[in-house]
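The values are calculated or read from the model by the stated rules, or taken from the named source; none is laboratory data. Computed from a prediction, not measured in an experiment: that's the story for all the values here. FYI the Cβ positions are ideal-geometry reconstructions off the backbone, even for glycines, and counts take in every protein chain you see.
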Amino acid sequence: MSRLIIKNAAELVTCKGGPKHGKNMSEIGRIHDGCVVVEDGIIADVGTTDEVLSKYDTDDCMVIDASGRAVLPGLIDSHTHLIFGGYRADEFSWRMRGDTYMSIMERGGGITSSVRATRNTSLDEFVETGKKRLDKFMAMGVTTVEGKSGYGLDHDTEIRQLEAMKKLDEIHPVDVVPTFLGPHSVLPEYKGKEEEFIDYMIEVMKCAADNKLAEFADIFCEKNVFTVEQSRRFLTEAKKLGLNLKIHADEMVQLGGTELAVELGCMSADHLLQASDRGIEMLSESATIATLLPATAFCLKEEFARGRYMIDSGCAVALATDFNPGSCFTNSMPLVIALAALHMNMSIEEIVTALTINAAAALGRDSKIGSIEKGKKADIIILEYPSIHFLPYHAGVNIVEAVIKNGEIVRSNQ
Ligand code: NIG
Ligand code: FE
């Protein structure tokens, strides 16, 4: 049996308990002078250093002295578009000159442009760039990443994106949770034939589900992309296949995707910049996680989602990067944290909950990850400073000093 002990943590933040709604998001289970014991990659004990060390012999195990440091669960990025070919730096400049994201999309740029590049990218190339991307996530304390397909929009490329994520999950310390996002955009040849395209994507999804290549299904429910009705049809088929559901909802235009997410029991509804008061009320009474992506609003120069209002209304909020080649080419956790604090008025306790246990629930994994509790995977990070308050305060700077995944130190930034 291998044992690791992390002791003397100035602040040990456990995030214990299940996903948290509303004011409970501030309950982060803080222990001063904390200690964690890990056995064979699983958390075996948690408490104050005095209390825990009295029960264990430290002779034959690895001991990390976390004096002057905060220790918390590994961060979980529950919404990314991890695998794609090519880049769209030109579009970023066009947007800075006044073009909108949707106008670029309507003239054949946007997702369509990434689809062209992604179709020309091999599995090996996806895996090679995927590894580098995951290394960057890991350096910022991320131990689980969700990744979506959606830049193939045909059978072979969608499946290849999912296969790349499966491979990455096997070879990289960071866990990768794969999502099928076939209905991500309507290519020019399918304009006016959206129903036919959804039928096609349902067939691809069956192949993905049969081959266990996807855990989630997702759709871009948006004006000029897919309607609420089309989204309902696609997600209902996904549910029949045993997939968990996510939805890109009410990002640019208030269509009612938030309400649909609750109606269908989606594990998360994502973006939500334009979510209605009624949609937010429905979310607050449901188990659906409201996943907010402040870096996307920032990069598109949009108003931020109403995070403060959602939490005050009793929603369970998660935060994620939305890393993708178009609307948000950043996987910076420090940026997400700074924006959530400064532009959505979230407290650091709420932010930590949103990036750990609530994000785990958005991935249906809250019984295994997202908190430092007996029986969970030992996915743990150590900060260079004594308290989580340094996360937003040291704005935009990575202060993760060490990353422990399944009880092994997989990254040291010392
Ligand atoms: O979540 N909104 C739709 N999908 C992505 C953007 C994809 C892209 O622009 O390539 C998002 O922001
Ligand atoms: Fe997205």
Residue list for the stretch 42-59, filter: within 35 Å of the chain's Cα centre (by Cα) and farther than 14 Å from SER371 by Cα: THR48, THR49, GLU51, VAL52, LEU53
Going through the stretch 180-198 in order, the residues found to be assigned to a helix (DSSP H, G or I), free of Cβ contacts under 8 Å to residues at least 12 places away in the same chain and within 29 Å of ALA275 (Cα to Cα) are TYR190, GLU196
Any idea which of PHE390, PHE323 is touching a residue at least 24 places away in the same chain (Cβ under 8 Å) and within 16 Å of ligand 2 (Cβ to nearest atom)? PHE323
Could you list, in sequence order, the residues of the stretch 105-114 that are under 25 Å from the mean Cα position of the chain (by Cα) and either among the basic types (Lys, Arg) or within 9 Å of ligand 1 (Cβ to nearest atom) (or both)? MET105, GLY110, ILE111, SER113, SER114
If a residue counts only when it is surrounded by 24 or more Cβ atoms within 10 Å (Cβ to Cβ) and touching a helix residue (DSSP H, G or I) at 6+ places or on another chain (Cβ under 8 Å), which helices (runs of 4 or more DSSP H) contained entirely in the stretch 319-414 have at least 2 such residues? 333-343, 348-355
Any chance the stretch 199-213 includes a residue that's free of Cβ contacts under 8 Å to residues at least 24 places away in the same chain, in contact with a helix residue (DSSP H, G or I) (Cβ under 6 Å, 6 or more places away or on another chain) and either outside any helix (DSSP H, G or I) or within 14 Å of ligand 2 (Cβ to nearest atom) (or both)? no
Just give me the residues in the stretch 237-257 being within 15 Å of ligand 2 (Cβ to nearest atom) and touching a strand residue (DSSP E or B) at 6+ places or on another chain (Cβ under 8 Å), in sequence order. LEU245, LYS246, ILE247, HIS248, ALA249, ASP250, GLU251, GLY257
Could you tell me whether any residue of the stretch 159-167 is under 16 Å from the mean Cα position of the chain (by Cα) and either surrounded by fewer than 24 Cβ atoms within 10 Å (Cβ to Cβ) or within 16 Å of ligand 2 (Cβ to nearest atom) (or both)? yes
What number of residues within the stretch 214-241 satisfy the criterion of being farther than 15 Å from LEU153 by Cα, touching a Lys or Arg at 6+ places or on another chain (Cβ under 9 Å) and in a loop (DSSP other than H, G, I, E, B)? 1
Positions within the stretch 247-269 being more than 15 Å from ligand 1 (Cβ to nearest atom) and either modelled with pLDDT under 95 or in a helix (DSSP H, G or I) (or both), in sequence order: GLU259, LEU260, VAL262, GLU263, LEU264
I need the full set of residues from the stretch 143-156 which are within 16 Å of ligand 2 (Cβ to nearest atom) and within 13 Å of the chain's Cα centre (by Cα), in order please. VAL145, GLU146, GLY147, LYS148
So GLU158, is it in contact with a strand residue (DSSP E or B) (Cβ under 9 Å, 6 or more places away or on another chain), more than 26 Å from LEU292 (Cβ to Cβ) and among the charged types (D, E, K, R): yes
In the stretch 270-300, anything part of a loop (DSSP other than H, G, I, E, B), farther than 14 Å from ALA249 by Cα and either hydrophobic (A, V, I, L, M, F, W, C) or modelled with pLDDT under 95 (or both) is listed as ALA287, LEU300
Taking the criterion of being of a type in the set (Lys, Arg) and more than 21 Å from ASN8 (Cα to Cα), would at least one residue in the stretch 362-375 satisfy it? yes
Look through the stretch 18-38, keep the residues that are crowded, with 16+ Cβ neighbours inside 10 Å and of a type in the set (Gly, Ala, Ser), and return whichever of them is nearest to ASN345 (Cα to Cα). GLY22
